[in-house]
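In what follows, a structure is listed as structure tokens, so that the remarks can point back to it.
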Amino acid sequence: MIMTYRAIEATRPGTLNLVQRPLREPGPGQVRLRVEACGVCHSDAATVEGGFPGISYPRVPGHEVVGRIDALGSGVQGWAVGQRVGVGFLAGSCGYCEFCRNGDLVNCKNQEYTGIHHDGGYAEVMLAKASGLVSIPDDLRSVDAAPLLCAGLTTFGALRNAPAKSGDLVAVFGIGGLGHLAVQYARHMGFEVVAIARGADKAELAKKLGAHHYIDSAAVDPGKALLGLGGASIILITASGGKAVSESFKGLRPGGVSIALGVGPEPIEVSAVDLIFGGRKLEGALTGNPATSEATLRFSALSGISAMVETIPLERAAEGYAKMMAGKARFRVVLTM
Ligand SMILES: [Zn+2]
Ligand SMILES: [Zn+2]
């Protein structure tokens, strides 16, 4: 048995290096994975650029991980060696805090973030907490399943939990890694779908993904354009930064909800008039629990939904990461081992 494996470490902010690491046994409650694919997500910047407070280097980024279990730590039940599993951003709940005992695994007080608090999936091997594992259906390839574990789960979960009914107008702001999946989910969930992005060049793609309407936010006021279509029940903000929320908020119909999914440094500003008159709402949503992740994978497989993926071998992770950060990935970079 080979006793070392290759991994990509952030050794200090802004630097990714290929290293050899010694193989470790999984601890209590953990499994060891032979990683097959790992998606590159914008949130990886929290690790690579050091945006997350108190991060300790070196750290292996990556939280869209698909691999096969090759060892079980003590006390692990319900998972088997050889099984193909996924790990997302939320690394696994504790089971004993107030939120866990109330069934709210996403807000577990003791939950770590994959690739931030401990090493993630930019590697051939990874240790993962069993309570965060997701079972991968046989009919999804590892490279296709990987981006669904964060980008897919985030958009599918937000739409699934949103107060909209079939036929309602649902807008997706931003056609990137998250947005191109959100448009497909919204279409297959039976909504009237509006895609909003800057420039005319994404109109054709948005329609191909299933959007019924396209709004070019560089040419028209997206809020007014949405009202022209009758007003949206839901606006899913997949672009990072507060500007997309502010620009589109008045396009909600009364009682509608704007759901922010992309994290950015700028504050979100909405008009008190738009908020209060019509009882509009502004919410955030953070990925989802492992069962919702499995529902995301099943729904995607049944509906033929997948991310448009560009694969890059592990050793070229820095190149894939830079491409994603520059907004040049079409639309999700996935590392293969
Ligand atoms: Zn992510
Ligand atoms: Zn907990």
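The values are calculated or read from the model by the stated rules, or taken from the named source; none is laboratory data. Please read these numbers as outputs of a predicted model, since none were measured by experiment. Here the Cβ positions follow ideal geometry from the backbone for every residue, glycine too, while neighbour counts run over all protein chains shown. What goes into the accessible areas is simple: the full protein's heavy atoms, side chains included, and nothing from ligands, DNA or RNA. Shrake-Rupley method; radii C 1.70, N 1.55, O 1.52, S 1.80 Å.
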If you average the sequence gap of Cα pairs under 8 Å that are 6 or more apart and divide by the length of the chain, what percent do you get for the contact order?
18 percent
Normalised per residue, the volume inside the convex hull of the alpha-carbon atoms of the stretch 109-267 in Å³ amounts to 152 Å³
For the pair residue 138 and residue 243, what calculated FRET efficiency results from E = 1/(1 + (r/R0)^6), where r is the Cβ-Cβ distance and R0 = 41 Å, to the nearest 0.05?
0.45
Each label sits 7 Å from Cα toward the beta-carbon; between residue 207 and residue 291 the label points are separated, in nm, by 4.2 nm
Taking the alpha carbon gyration tensor of the chain, what are the square roots of 5 times its eigenvalues, largest first, to the nearest whole Å?
35, 21, 19
Rolling a 1.4 Å sphere over the protein heavy atoms, what is the accessible area per residue of the chain, to the nearest Å²?
43 Å²
Measuring from label point to label point, each 7 Å out along Cα→Cβ, what is the residue 98 to residue 24 span in nm?
3.2 nm
Just to confirm a number: summing +1 for Lys and Arg and -1 for Asp and Glu over residues other than residue 12 whose beta-carbon lies under 13 angstrom from that of residue 12, what do you get?
-1
Enter the angle in degrees (range 0 to 90, nearest 10) between the Cα long axis of helix 151-161 and the first principal axis of the Cα atoms of the chain, meaning the one along which they spread out most.
50 degrees
Note, ³J(HN,Hα) from phi for the stretch 240-256, Karplus 6.51, -1.76, 1.60, rounded to Hz, x at Gly and Pro:
7, x, x, 4, 4, 5, 4, 4, 9, 4, 6, x, 6, 6, x, x, x
Under a GNM of the chain (C-alpha, springs under 10 Å), which listed residue has the highest mean-square fluctuation: 249, 52, 156?
52
Test item: Cα-centred dipole of the chain, Lys/Arg +1 and Asp/Glu -1 on Cβ, debye:
180 debye
For the pair residue 218 and residue 81, how long in nm is the line joining their label points, each one 7 Å along Cα→Cβ?
5.6 nm
Relative contact order computed over the stretch 226-311 (Cα-Cα under 8 Å; 6+ residues apart), in percent:
25 percent
Treating only the Cβ of Lys, Arg, Asp and Glu as charged (+1, +1, -1, -1), what charge dipole size does the stretch 193-337 show about its Cα centre? Round to the nearest 20 debye.
240 debye
Before anything else, pin down the relative contact order of the stretch 144-242: Cα pairs under 8 Å, at least 6 apart, normalised by residue count, whole percent.
32 percent
Nearest-ten-degree value, helix 290-303 long axis tilted from longest Cα axis of the chain:
70 degrees
Arrange the peptides 255-261, 71-77 so that the one whose residues have, on average, the most other Cβ atoms within 10 Å appears first.
255-261, 71-77
Which order do the peptides 327-337, 204-214, 123-133, 17-27 take when ranked by the mean count of other beta-carbon atoms within 10 Å per residue, highest first?
123-133, 327-337, 204-214, 17-27
Using a 1.4 angstrom probe on heavy atoms only, work out the carbon and sulfur share of the accessible area of the stretch 58-214 in %.
46 percent
Compute the label zone of residue 12 within the stretch 50-64: residues whose backbone N is under 15 Å from the point 7 Å along Cα-to-Cβ.
50, 56-59
